[in-house]
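K.L.:
Take a look at this one; I'll ask things after.
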Amino acid sequence: MSAQVLQLAINALAAGCIYAVVALSVEIAYESTGVVNFAAGQLVTAGALIGLSAVAYTKFNFLPAYLLVIVGMSMIGIVFLICVYLPLRRQSVLTIVIGTVGVGIFIQNVMLLTWGPLPKSVRSPMGSGAIKFGDVSVSLHVLYVIGVTALLIIGMYLLLYRSSLGRQFRATAQDPEAATLMGIRVKQLYALNWILVCVLSGIAGLLFAPMWLVDVTSGDNIGLKAFAAIMIGGFGSVPGAILGGIIVGAIEIFGAFYVSSAFKDALVFALMFLFLLVRPQGIFGERAADRA
């Protein structure tokens with residue numbers, strides 16, 4: 001493998017990790033409540049911009065700054081629960097989805113009033129250093145992104161599939177009334193779910209912010225590509241969301257280099273449409289008949 005291809009592969013993995021984290025947050029919302037969260041992109045931007053202010057407030061002390069981001073995103077999760085999910089949970093899924101879209105627009109407008117429209121640069125806790133492996137130069141932040149994503153994936157896997165809490169999440173999503181009769185505290189689980197969804201999105205914002213300039217619309221494209229990753233990997237599949245994110249990152253980086261940066265997004269969504277036509281369940285998803 002040439003140094004150039006290896007360099008591109010590392011950058012693709014870093015970008016794919018960010019898409020995978022956002023896709024993972026969408027999948028957790030779906031696994032736990034059966035709702036598709038279309039405000040994922042705005043939540044990513046919120047995490048990045050709250051992180052920008054928190055880092056400045058703590059005078060570049062990143063640990064307390066990131067703790068502030070987690071607290072802030074948790075509060076947004078509670079807002080989601082109180083303003084969207086609980087009032088609408090007995091309505092159709094489509095109604096709740098429209099509710100998430102409305103809250104996303106609201107969050108975006110609040111960010112516009114708070115931080116303004118101009119792009120901003122965000123510092124990485126790893127600084128601007130890089131490590132050279134022969135002719136390949138890897139920034140410390142890219143390694144940080146890959147490492148944090150790996151820890152998040154392991155943590156979410158253990159939570160969802162190797163803990164009683166994960167079983168309670170899935171039971172609540174399938175039948176809230178039966179879960180209540182079994183003694184599961186459904187409302188507390190809903191609150192924890194939306195907090196987890198928003199915190200994951202916020203962490204994705206912290207990971208991507210030092211790589212690109214951030215404005216109030218930055219997360220929109222990331223959210224769309226996360227949905228493309230889910231469609232490719234398989235809706236309802238956590239491993240599919242992760243693999244789909246990495247595939248989207250690879251198409252974006254290699255497409256921009258070998259085809260054109262103007263067509264990198266088109267290539268991603270062209271692959272998504274191809275999957276919808278040929279294999280609509282995605283790589284790891286199940287057919288509707290299999291679910292039934």
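The values are calculated or read from the model by the stated rules, or taken from the named source; none is laboratory data. Keep in mind that what you see is a predicted model, and the values were worked out from it rather than measured. So basically every Cβ, Gly included, is an ideal-geometry build from the backbone, and we count neighbours across all protein chains shown.
K.L.:
Of everything in the stretch 240-272, what is free of Cβ contacts under 8 Å to residues at least 12 places away in the same chain and within 19 Å of Ile10 (Cβ to Cβ)? Give them in sequence order.
P.N.:
Within the stretch 240-272, Ala256, Tyr258, Ser261 meet the criteria.
K.L.:
Quick one: is Leu143 in contact with a strand residue (DSSP E or B) (Cβ under 8 Å, 6 or more places away or on another chain), surrounded by 13 or more Cβ atoms within 10 Å (Cβ to Cβ) and in a helix (DSSP H, G or I)?
P.N.:
When the stated conditions are applied, Leu143 passes them.
K.L.:
On to the next question. If I ask for residues that are over 30 Å from Ser124 (Cβ atoms) and loosely packed, with under 15 Cβ neighbours inside 10 Å, which ones from the stretch 49-97 would you list?
P.N.:
Ile82, Cys83, Leu86, Pro87, Arg90, Gln91, Ser92, Val93, Leu94, Thr95
K.L.:
For the stretch 146-170, give me the residue count where each residue is among the charged types (D, E, K, R) and at pLDDT 80 or above.
P.N.:
Going through the stretch 146-170 one residue at a time, the tally reaches 2.
K.L.:
Condition (residue is surrounded by 18 or more Cβ atoms within 10 Å (Cβ to Cβ), touching a helix residue (DSSP H, G or I) at 6+ places or on another chain (Cβ under 9 Å), of a type in the set (Gly, Ala, Ser) and not in a loop (DSSP other than H, G, I, E, B)) applied to the stretch 119-136: is it met by at least one residue?
P.N.:
no
K.L.:
Which of the residues belonging to the stretch 187-199 are more than 25 Å from Leu113 (Cβ to Cβ) and among the aliphatic types (A, V, I, L, M)?
P.N.:
Those that are more than 25 Å from Leu113 (Cβ to Cβ) and among the aliphatic types (A, V, I, L, M): Leu189, Ala191, Leu192, Leu196.
K.L.:
Would you be able to say whether some residue in the stretch 171-178 is in a loop (DSSP other than H, G, I, E, B) and modelled with pLDDT under 90?
P.N.:
yes
K.L.:
Hand me the list of helices (runs of 4 or more DSSP H) wholly inside the stretch 1-91 holding 3 or more residues that are within 12 Å of the chain's Cα centre (by Cα) and not charged (D, E, K, R).
P.N.:
It comes to 3-33, 40-57.
So that you can scan it fast, the table gives a plain yes or no per residue for (1) of a type in the set (A, V, I, L, M, F, W, C); (2) over 18 Å from Val36 (Cβ atoms); (3) within 14 Å of the chain's Cα centre (by Cα); (4) surrounded by fewer than 16 Cβ atoms within 10 Å (Cβ to Cβ):
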{"site": "Gly245", "(1), (2), (3), (4)": "no, no, yes, no"}
{"site": "Val248", "(1), (2), (3), (4)": "yes, no, yes, no"}
{"site": "Glu252", "(1), (2), (3), (4)": "no, yes, no, no"}
{"site": "Val259", "(1), (2), (3), (4)": "yes, yes, no, yes"}
{"site": "Phe263", "(1), (2), (3), (4)": "yes, yes, no, yes"}
{"site": "Ala266", "(1), (2), (3), (4)": "yes, yes, no, yes"}
{"site": "Phe269", "(1), (2), (3), (4)": "yes, no, no, no"}
{"site": "Met272", "(1), (2), (3), (4)": "yes, no, no, no"}
{"site": "Arg279", "(1), (2), (3), (4)": "no, yes, no, yes"}
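K.L.:
Could you look through the stretch 1-24, keep only residues that are crowded, with 24+ Cβ neighbours inside 10 Å and not small (Gly, Ala, Ser), and pick out the one that is farthest from Ile251 (Cα to Cα)?
P.N.:
Here the answer is Leu24.
K.L.:
Sort out which residues of the stretch 199-234 are part of a loop (DSSP other than H, G, I, E, B) and either surrounded by 22 or more Cβ atoms within 10 Å (Cβ to Cβ) or on the phi > 0 side of the Ramachandran plot (or both), and write them in order of number.
P.N.:
Result: Ala209, Pro210, Val216, Gly234.
K.L.:
To continue, here is another question. Only residues that are in a helix (DSSP H, G or I), more than 23 Å from Thr45 (Cβ to Cβ) and not hydrophobic (A, V, I, L, M, F, W, C): list them for the stretch 235-277, please.
P.N.:
Pro239, Gly240, Gly255, Tyr258
K.L.:
Among all residue pairs at least 6 apart or on different chains, which show Cβ distances below 7 Å where the first residue, located in the stretch 103-126, is under 30 Å from Leu88 (Cα atoms) and the second is surrounded by fewer than 18 Cβ atoms within 10 Å (Cβ to Cβ) and not acidic (Asp, Glu)?
P.N.:
Val103/Cys83
K.L.:
In the stretch 101-125, what residues are within 26 Å of Met211 (Cβ to Cβ) and within 18 Å of the chain's Cα centre (by Cα)?
P.N.:
Scanning the stretch 101-125 gives Gly104, Ile105, Ile107, Gln108.
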